[in-house]
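Take a look at the structure below.
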Amino acid sequence: MTDLDLFHRINALSAEEEALWLSAGHGEGLSQEERERLEAIKVELDRIYDLLHQRQARRAAGLDPAEAEERPAEIVERYQQ
């Protein structure tokens, strides 16, 4: 997967997230399924950004960015800020 592929995936997920929030803004609110989907989108975005950052760091260090690996949600979601 290339950086461009990651950016396309980020854009697609962001568009889906925006559409869900837009539908909620029309006074309908979000269903349980939509809330769960928003949470899944958040986690997936975090994982993609993590992979993108790994690729950028590897590139900056003179290493092969293709060797970066997508980490499980359990790891990415437990990062301390």
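The values are calculated or read from the model by the stated rules, or taken from the named source; none is laboratory data. Since the model is a prediction, treat every value here as computed from it, not as a measurement. Here the Cβ is made from the backbone with ideal geometry for all residues, glycine too, and neighbour counts use every protein chain on show.
Here is a yes/no grid of residues against (1) touching a helix residue (DSSP H, G or I) at 6+ places or on another chain (Cβ under 6 Å); (2) within 16 Å of THR2 (Cα to Cα):
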| position | (1), (2) |
| --- | --- |
| ARG35 | no, no |
| ALA40 | no, no |
| VAL43 | yes, no |
| ILE48 | yes, yes |
| LEU51 | no, yes |
| GLN56 | no, yes |
| ASP64 | no, yes |
| GLU70 | yes, yes |
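Please tell me if ARG59 is at pLDDT 95 or above, part of a helix (DSSP H, G or I) and surrounded by 15 or more Cβ atoms within 10 Å (Cβ to Cβ). Answer is no for this residue. A Cβ distance below 8 Å, combined with a sequence gap of six or more or placement on separate chains, defines the contacts here; from the range 19-41, residues that are charged (D, E, K, R) and in a helix (DSSP H, G or I) reach residues that are surrounded by 10 or more Cβ atoms within 10 Å (Cβ to Cβ) and at pLDDT below 90 in the pairs GLU34/SER23; GLU34/ALA24.
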